[in-house]
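The values are calculated or read from the model by the stated rules, or taken from the named source; none is laboratory data. Because the structure is a prediction, the values reported are computed rather than measured. Cβ sites come from the backbone with ideal geometry, for glycine too, and all protein chains shown count toward neighbours.
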């Protein structure tokens, strides 16, 4: 359980919450960055705890985080696909901070890497690379908590490029699988915008 949820339990035990069902809805907002219904009345102390933890983690991101755009394999048209990544890298001894960030955002994964050279420390990395995760967690978190600084400027450039990319290539999330881009073919896509048959003809495997 994360530190904010522990504090939530303490607040709840002290009867500082005054609405039925508030716990479930507030935890949903906390982990998913969703808005809490206006009718729910929660103690100002809890919201201050959330703000304090968010600000602390944002300061950590300002020092150790990065917002990068990488290139993936090309589409059938030859255009390179983009992959948007929010990542934080630290020595593994500080992994618990990455775990706190992961719990706060409700998205992302943590990977551990051995030391690359003798005398170097092992490292751990937290990352979010899905567009869904960015819209639900990365962007709301940074917009709310990341103070004006060089990292904030990097984030805003990254977000601007992500917005432009999504305008050019709208997400098909929830719309089912895409169909082959070859004229007259309605089979589902296997890769590079092509069905299994046309993918084999284009790549040989």
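Per the conditions (1) modelled with pLDDT of 95 or more; (2) buried (at least 16 other Cβ atoms within 10 Å of the Cβ), the sole criterion not satisfied by residue 156 is (2). Among residues belonging to region 131-148 that are surrounded by fewer than 18 Cβ atoms within 10 Å (Cβ to Cβ) and without any contact (Cβ under 8 Å) to a residue 40 or more places away in the chain, point out the one that is farthest from residue 51 (Cα to Cα). Among them, the one singled out is 135.
Here's the yes/no breakdown for (1) at pLDDT 90 or above; (2) more than 30 Å from residue 169 (Cα to Cα); (3) touching a helix residue (DSSP H, G or I) at 6+ places or on another chain (Cβ under 8 Å):
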{"site": "32", "(1), (2), (3)": "no, no, yes"}
{"site": "52", "(1), (2), (3)": "no, yes, no"}
{"site": "97", "(1), (2), (3)": "yes, yes, yes"}
{"site": "104", "(1), (2), (3)": "yes, no, yes"}
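Is at least one residue of region 102-111 free of Cβ contacts under 8 Å to residues at least 24 places away in the same chain, under 21 Å from the mean Cα position of the chain (by Cα) and within 30 Å of residue 47 (Cβ to Cβ)? Yes, some residue in region 102-111 is free of Cβ contacts under 8 Å to residues at least 24 places away in the same chain, under 21 Å from the mean Cα position of the chain (by Cα) and within 30 Å of residue 47 (Cβ to Cβ).
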